[in-house]
Amino acid sequence: MPNRSGAIDLVRIIAVAAIVAGHVFTRDATGDLLYTWHVAVFFILSGYLWKPHRSLRIELSRRLRSLGRPYLAGFVILTVALLLQGFEDTGQRILGGLYGGGVAGMPYITFWFITTLFFTALLLRLIEPLPLAVQWAVGVVGAIAGWIWGSVLSDTPLGIGLAVTCLVYLLIGDALRRVRARIRMPLLTGILLILISAVLIMTGLSDFIDIKQGDYGTPVVSLLVSVAISFGMILVAESLVRPGMFSQVCTLLALPLLTVVLLHPVVLWTTWPDPVAFAVGMLVPLAIGLVALRTPLSPWLTGQERLRRPPAERVAG
């Protein structure tokens, strides 16, 4: 098992479950509840876990392995599934998937997330040598561009334009990591952040966010609410999840989550009741990913290196 934070992995599991729920259940039921944070949290986590001073070449290499390979494998798998459906507009759907971004429709509806996260990480690594104030200036300008031209940036190839608008999330996540040690009551702080955000959402002061479509909700307010919920979840998880079996289980279940993100849209073609579709959309891709972790296919299906038994365990076996 890789040495990872079980608390952060628990946040990842919850967020992916929210993404699947957001696709399975109606927008009316999930928009206010989930859309404000369920994707933004991954960009914030990327900043929160940011490794300073890594070269652009190494960043590119790592992102190609962790995101690029699953993207290609997922595209092939979903294209085969699409061809089996026999839709009249299959060719148009495939072209939309190849173009990516907000243009991509079923079954490629989550692929924009992979490419946007990829380009956003590269963008931050590219500007990292600049003074911090300049980095933030770029991030703020990108956020403003999202509020003004969000739909235009969403329609760029592979969603590369969204990287400009999502940069601010990585910068905020990096800033949160810097101040994390100063928070003396993380559990209480996390709960308060989530509760205050919930009030702002329920009162209509904060509209929900749909990054894929370039809709960033209420300017400034929705951004702050998405950050508050994400950081609140991190603080609560880090306060409750301790090293041990539960933490290891969280990490194990989090390793193949990219498989769930890429493959769960297939259940949207079914006529199953929403709760059944949600369960299948979560559990079947997760099971596929867990099995793949022990095989040479793991880097392509999960973005993770193959798990191997420790040498002592192999000898004992």
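The values are calculated or read from the model by the stated rules, or taken from the named source; none is laboratory data. Quantities reported herein were computed from a predicted structural model and do not represent experimental measurements. Reconstructed Cβ throughout: ideal geometry from the backbone, glycine too, with neighbour counts over all protein chains shown.
Do any helices (runs of 4 or more DSSP H) lying entirely in region 1-53 carry at least 1 residues that are more than 27 Å from residue 307 (Cβ to Cβ) and among the charged types (D, E, K, R), and which ones are they?
Values: elements: 6-24, 27-30, 40-48.
In region 1-53, the matching helices (runs of 4 or more DSSP H) lie at 27-30.
Being at pLDDT 95 or above and touching a Phe, Trp or Tyr at 6+ places or on another chain (Cβ under 6 Å) narrows it down to one residue among 197, 226, 247; which is it?
On the way: 197 fails: touching a Phe, Trp or Tyr at 6+ places or on another chain (Cβ under 6 Å); 247 fails: touching a Phe, Trp or Tyr at 6+ places or on another chain (Cβ under 6 Å).
Exactly one of 197, 226, 247 is at pLDDT 95 or above and touching a Phe, Trp or Tyr at 6+ places or on another chain (Cβ under 6 Å), namely 226.
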With the requirement that a residue be among the aromatic types (Phe, Trp, Tyr) and exposed (fewer than 14 other Cβ atoms within 10 Å of the Cβ), what does region 54-98 give you?
87
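Sort through 183, 160, 172, 127 and tell me the only one that's β-branched (Val, Ile, Thr) and farther than 24 Å from residue 57 by Cα. Steps first, answer last, please.
Details: 160 fails: farther than 24 Å from residue 57 by Cα; 172 fails: farther than 24 Å from residue 57 by Cα; 127 fails: farther than 24 Å from residue 57 by Cα.
Selected residue: 183, the only one of 183, 160, 172, 127 that is β-branched (Val, Ile, Thr) and farther than 24 Å from residue 57 by Cα.
Can you tell me which residue within region 219-240, out of those that are touching a Pro at 6+ places or on another chain (Cβ under 7 Å) and surrounded by 20 or more Cβ atoms within 10 Å (Cβ to Cβ), is nearest to residue 193 (Cα to Cα)?
From region 219-240, those touching a Pro at 6+ places or on another chain (Cβ under 7 Å) are 235, 238-239; that's our starting set.
The next check asks that each one be surrounded by 20 or more Cβ atoms within 10 Å (Cβ to Cβ); those that pass are 235, 238.
Details: 235: 10, 238: 15 Å.
Ranking the candidates gives 235 first.
Okay, residues lined up against (1) in a helix (DSSP H, G or I); (2) in contact (Cβ under 8 Å) with a residue 60 or more places away in the chain; (3) closer than 28 Å to residue 186 by Cβ:
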position	(1), (2), (3)
235	yes, no, yes
246	yes, yes, yes
252	yes, yes, yes
264	yes, yes, no
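Residue-by-condition table, conditions (1) among the polar types (S, T, N, Q); (2) surrounded by 14 or more Cβ atoms within 10 Å (Cβ to Cβ); (3) without any contact (Cβ under 8 Å) to a residue 24 or more places away in the chain:
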site: 120; (1), (2), (3): yes, yes, no
site: 125; (1), (2), (3): no, yes, no
site: 129; (1), (2), (3): no, no, yes
site: 136; (1), (2), (3): no, yes, no
site: 142; (1), (2), (3): no, yes, no
site: 145; (1), (2), (3): no, yes, yes
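Has region 182-192 got any residue that is touching a helix residue (DSSP H, G or I) at 6+ places or on another chain (Cβ under 6 Å) and closer than 24 Å to residue 104 by Cα? Walk me through it before giving the result.
Filtering region 182-192 for residues touching a helix residue (DSSP H, G or I) at 6+ places or on another chain (Cβ under 6 Å) gives 183, 186-187, 189-190.
Still in the running and closer than 24 Å to residue 104 by Cα: none.
No, every residue in region 182-192 fails to be touching a helix residue (DSSP H, G or I) at 6+ places or on another chain (Cβ under 6 Å) and closer than 24 Å to residue 104 by Cα.
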From 54, 69, residue being modelled with pLDDT of 95 or more and among the charged types (D, E, K, R):
69
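Name the residues in region 101-122 that are of a type outside the set (A, V, I, L, M) and at pLDDT below 95, would you?
Those that are of a type outside the set (A, V, I, L, M) and at pLDDT below 95: 101, 102, 105.
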Is it the case, given these coordinates, that residue 228 is among the aliphatic types (A, V, I, L, M), under 21 Å from the mean Cα position of the chain (by Cα) and more than 30 Å from residue 155 (Cα to Cα)?
no
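In region 1-13, which residue that is touching a residue at least 60 places away in the same chain (Cβ under 8 Å), more than 11 Å from the chain's Cα centre (by Cα) and within 21 Å of residue 239 (Cβ to Cβ) is surrounded by the fewest Cβ atoms within 10 Å (Cβ to Cβ)?
Pass one, region 1-13, residues touching a residue at least 60 places away in the same chain (Cβ under 8 Å): 1-2, 4-13.
Applying the additional criterion that residues be more than 11 Å from the chain's Cα centre (by Cα) yields 1-2, 4-10.
Among the residues that remain, those that are also within 21 Å of residue 239 (Cβ to Cβ) are: 4-10.
On the way: 4: 17, 5: 20, 6: 23, 7: 22, 8: 20, 9: 22, 10: 24.
Residue satisfying both the conditions and the ranking: 4.
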